[in-house]
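What follows is one structure encoded as structure tokens, with my remarks underneath.
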Amino acid sequence: MTDITEQKQLLGEIADPCVMVIFGAAGDLTKRKLIPALYNLAKGNLLSREFAVIGVARDAFTTESWRAEISAHAKDYATDVLDPDLWDWFQHRLYYVQGEFGDAVTFQKLREQLEAANQSHNTHSNYLYYLATPPMFFSTIVKQLGDAGLVKEEEHHWRRVIIEKPFGRDLESAQALNADICTTLTEPQIYRIDHYLGKETVQNILAFRFSNGIFEPIWNRNYIDHVQITVAESLGVEQRGGYYETAGAMRDMIPNHTMQLIALTCMEPPISFDADDVRDEMAKVIHAINPFDPEEVLTHAVRGQYDAGQLGEQKAIAYRSEEKVSPNSATETFVALKLELDNWRWADVPIYVRTGKRLPRRLTEIAIQFKHAPYQLFRKTNVEKLRTNRLVIHIQPDEGISLRFGAKIPGPIVNLGAVKMSFNYKDYFGSTPSTGYERLIYDCMNGDQTLFQRADMVEAGWAVVDPILDVWQALPPRTFPNYASGTWGPKEAAELLARDGRQWREIHE
Ligand code: BG6
């Protein structure tokens with residue numbers, strides 16, 4: 001983080017004036033997340049009053065009808081009660097350009113609209129382009145922006161591009177996309193977004209690890225037995241069957257969101273909070289993940305696909321019966337991995353990861369499982385099986401941190417039980433309604449890339465999953481569907497840990 005941005009955040013300072021151009025303006029992300037996030041920034045006095053939004057899409061809207069459409073949904077997607085005056089101010093800054101992303105005419109129209117918005121709202125010629133489109137348009141849009149002269153930075157103004165996920169579908173396509181966009185943009189102009197880094201609790205991992213002296217000395221192989229990361233969803237693929245068939249749980253969740261969690265949990269302390277100092281350390285962790293050889297894929301990686309089942313009161317259909325999904329689909333909706341980091345801090349400390357759809361509940365957490373105490377003083381006493389210390393970072397939906405330790409149960413006989421010390425965000429800070437995109441958009445407006453992925457980080461993530469995807473493609477799954485909706489995945493996921501004498505942390509419904 002640059003000093004200036006750090007100060008701005010501490011002071012709650014207003015971001016740079018700019019026009020934000022949203023490609024894919026008629027899509028879901030725009031209404032559900034981006035517009036509510038911009039409104040929240042305005043409400044928090046962090047958005048410049050010298051600001052405008054230009055939506056670009058092929059859908060037949062005019063500026064008036066797009067404003068009406070966005071306003072009609074504003075209440076549904078707002079994270080808090082809308083202030084009518086503020087909303088009125090905000091919606092009068094929305095403009096629309098209709099056109100195809102591959103057509104130079106669209107970009108001529110955009111240029112005119114940018115110049116007009118810049119004049120009327122005094123946005124200092126700073127332009128932020130947000131690519132909220134399907135990935136097949138990323139290269140095209142960047143090239144068209146370049147050809148139209150819309151990304152050239154001159155003194156006193158900036159041009160930045162936020163690119164949504166998925167960034168590539170394997171290492172080769174990610175490298176090709178990076179090479180492509182780098183012919184038009186410089187790395188400091190590129191903001192590859194991963195919305196997990198917008199989550200408060202994910203950012204808090206850095207604060208927790210590096211602002212407290214007591215945890216760092218034990219944060220290593222001498223004290224930690226293993227780490228478990230769970231990213232569970234109770235929803236199925238909903239209306240996204242078409243996309244999901246081409247992705248699967250591995251591409252959808254592992255090289256991006258899960259890698260961020262691993263990187264923040266396992267990184268070395270950065271030498272400063274400057275963007276590249278933090279990202280250098282995060283990148284080193286991803287590079288240190290030992291890529292599997294084909295035999296290891298069979299023993300260290302588990303895939304699953306949900307069958308019909310029951311989630312609470314609700315019946316759920318099988319993945320293969322979902323809309324736009326093939327009845328013989330071989331796409332995985334669940335992944336579990338045993339990863340190992342080749343470095344001094346983490347050697348021989350497995351990082352177990354699981355993620356999936358239609359699991360019993362929505363929950364993301366990182367559990368740090370500590371080793372047993374070196375000498376069991378209590379072994380001759382009448383105690384229940386002694387439990388080890390465990391620190392859990394609860395990312396969502398309950399945000400907080402808890403530490404399990406042993407305590408004597410009151411009474412004349414020595415009897416030990418496991419108790420928990422818990423910190424809950426809500427209790428201390430109340431809840432701040434947010435979409436998770438506010439911080440990321442604000443940082444981009446201020447030129448802070450700390451929470452965005454660099455090219456090498458994205459490529460390192462793909463380098464880990466590519467060998468697994470290759471083996472999976474060569475050996476189609478024979479047992480799909482292999483877990484019922486509403487359960488914690490296929491039995492092989494439990495076996496992955498059982499082989500090492502461990503088990504997944506039991507998560508109570
Ligand atoms: C997205 C995936 O990136 O992350 C979705 O494409 C997934 O499939 C979502 O549901 C999970 O995000 P969150 O913030 O709900 O945990």
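Within the range 186-218, the residues that satisfy the criterion of being of a type outside the set (Phe, Trp, Tyr), part of a helix (DSSP H, G or I) and within 15 Å of the ligand (Cβ to nearest atom) are 195, 197, 198, 200, 201, 202, 203. Where helices (runs of 4 or more DSSP H) fall entirely within the range 408-496, those with at least 2 residues that are surrounded by fewer than 17 Cβ atoms within 10 Å (Cβ to Cβ) are at 425-429, 455-474.
Taken across the range 286-295, residues that are farther than 25 Å from residue 507 by Cβ, part of a helix (DSSP H, G or I) and touching a strand residue (DSSP E or B) at 6+ places or on another chain (Cβ under 7 Å) do occur, with at least one present.
So, residue 164, is that one touching a strand residue (DSSP E or B) at 6+ places or on another chain (Cβ under 7 Å), within 16 Å of the ligand (Cβ to nearest atom) and among the charged types (D, E, K, R) or not?
On the way: touching a strand residue (DSSP E or B) at 6+ places or on another chain (Cβ under 7 Å): yes; within 16 Å of the ligand (Cβ to nearest atom): yes; among the charged types (D, E, K, R): yes.
Judged against the criteria, residue 164 is a match.
Please enumerate the residues belonging to the range 321-348 that are in a loop (DSSP other than H, G, I, E, B) and closer than 22 Å to residue 371 by Cβ. Selection gives 340, 342, 343, 344, 345, 346, 347, 348. Of the residues making up the range 433-446, those that are touching a Ser or Thr at 6+ places or on another chain (Cβ under 9 Å) and within 16 Å of the ligand (Cβ to nearest atom) are 433, 434, 435.
Is it the case, given these coordinates, that residue 230 is within 12 Å of the ligand (Cβ to nearest atom) and modelled with pLDDT of 95 or more? Yes: the conditions hold for residue 230. Taking into account only those residues within the range 245-285 that are closer than 17 Å to residue 340 by Cα and assigned to a loop (DSSP other than H, G, I, E, B), which is farthest from the ligand (Cβ to nearest atom)? If we take residues in the range 245-285 being closer than 17 Å to residue 340 by Cα and assigned to a loop (DSSP other than H, G, I, E, B), then 268 is farthest from the ligand (Cβ to nearest atom). Got a sec? Which of 242, 236, 304 is surrounded by fewer than 17 Cβ atoms within 10 Å (Cβ to Cβ), within 16 Å of the ligand (Cβ to nearest atom) and in contact (Cβ under 8 Å) with a residue 40 or more places away in the chain? It is 242.
Would you check if residue 315 is surrounded by fewer than 20 Cβ atoms within 10 Å (Cβ to Cβ), at negative phi and assigned to a strand (DSSP E or B)?
Numbers: surrounded by fewer than 20 Cβ atoms within 10 Å (Cβ to Cβ): yes; at negative phi: yes; assigned to a strand (DSSP E or B): yes.
So residue 315 passes the test.
Here residue 347 fulfils each of the conditions (1) in contact with a strand residue (DSSP E or B) (Cβ under 7 Å, 6 or more places away or on another chain); (2) more than 16 Å from the ligand (Cβ to nearest atom) apart from (1).
If the condition is being aliphatic (A, V, I, L, M) and either in contact with a strand residue (DSSP E or B) (Cβ under 9 Å, 6 or more places away or on another chain) or part of a strand (DSSP E or B) (or both), then the range 42-72 contributes 42, 52, 53, 54, 56, 57, 60, 70. Residue-level analysis places residue 468 outside the set of residues that are out of contact with any Cys (no Cβ under 8 Å at 6 or more places or on another chain), among the β-branched types (Val, Ile, Thr) and under 27 Å from residue 401 (Cα atoms).
The values are calculated or read from the model by the stated rules, or taken from the named source; none is laboratory data. Because the structure is a prediction, the values reported are computed rather than measured. All Cβ positions, glycine included, derive from the backbone under ideal geometry; neighbour counts span all protein chains shown.
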